[in-house]
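Asks: Have a look at this one before I ask anything.
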Amino acid sequence: MTQDGLLPLYEQVRRKLLSEIEAGRLAEGSFLPPEFELCETYGVSRITLRRAVGELCAEGLLVRQQGRGTLVAPRKMQLTISLSGFSDVVEGRGLKPGHRIIEGQERADAPAVAARLQALHLFRFVRLLEVDDRPMTLETLYFDAERFADAFGPVAAGGSFFSSLRSAYGVEPAGAERVIDVGFAGGSEAPLLGVSATQPVYRIEKLVLDGEGRPLALSQSVTPCHLVTLAVKN
């Protein structure tokens, strides 16, 4: 590669890699070729290559996975934090939602959550929410075990909680209280989401209410920042 005198060499490499990504020659979800191969292709040192790759990682276009290599990040999806459930939002974009159950409890011991949901007993689910079979969000979902007992089976089978509310109880969400923060994935969260401990994630807590202001469910979710742009809709 010839340096044009205007741009640092690492920036020239960054732009070449970006062009390959945008053209689809480096497909989303695929791994970059080995370092030595890229160094030969672009005629640069490993130090220069690593800086170019690091810039693209910082932009969320590449993702380093420890022990595996550097992955071309999937294109960002606009994640709308609305009253609708995950399935409604994803299906509205013509994509396929999935709910993989990591853990389900019929008697969850979470007094603070029970108080917020005005419930004596809680159901608790840890679910990996997927889009077109790819991990998107790790969610912990709580709801009233007595008020919504008939929702346990469908949710445990991988179904949508809000679809269960509609079909079994005729209940629709009418309001929500939200808290959004940015942090890092914990030790048990990172492998499920396919990210490293140094990649930022959105942490979103959502308390969903019915038309009378009664709480329906509380969700606490973790979503890698490089996968989504956030939009909030009431």
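None of the figures in this text is laboratory data; all of them are computed from the coordinates on show. This one's a predicted model, so the numbers in the text were calculated from it and none came from an experiment. For neighbour counting, all protein chains shown are included, and Cβ atoms are generated from backbone atoms with ideal geometry for every residue, glycine included.
Asks: Along the principal axes of its C-alpha atoms, what lengths does segment 162-234 span, in descending order and rounded to whole Å?
Replies: 42, 22, 17
Asks: Here is a further query. In the Gaussian network model of the chain, springs joining C-alpha atoms below 10 Å, which of E103, E205, E37 carries the largest mean-square fluctuation?
Replies: E37
Asks: Using a simple charge model, +1 on the beta-carbon of Lys and Arg, -1 on the beta-carbon of Asp and Glu, nothing else, what dipole does the chain show about its Cα centre, in debye to the nearest 20?
Replies: 340 debye
Asks: Moving on. If you compute Rg and Dmax of the Cα atoms in Å for the structure shown, which of (i) 21.3, 70; (ii) 17.3, 52; (iii) 17.8, 62 do you land on?
Replies: Among (i) 21.3, 70; (ii) 17.3, 52; (iii) 17.8, 62, the one calculated here is (i).
Asks: Once amide H atoms are built 1.01 Å from N in the peptide plane, which residues 5 or more positions from L62, or in another chain, come under 5 Å H to H?
Replies: HN-HN under 5 Å from L62: C57, A73.
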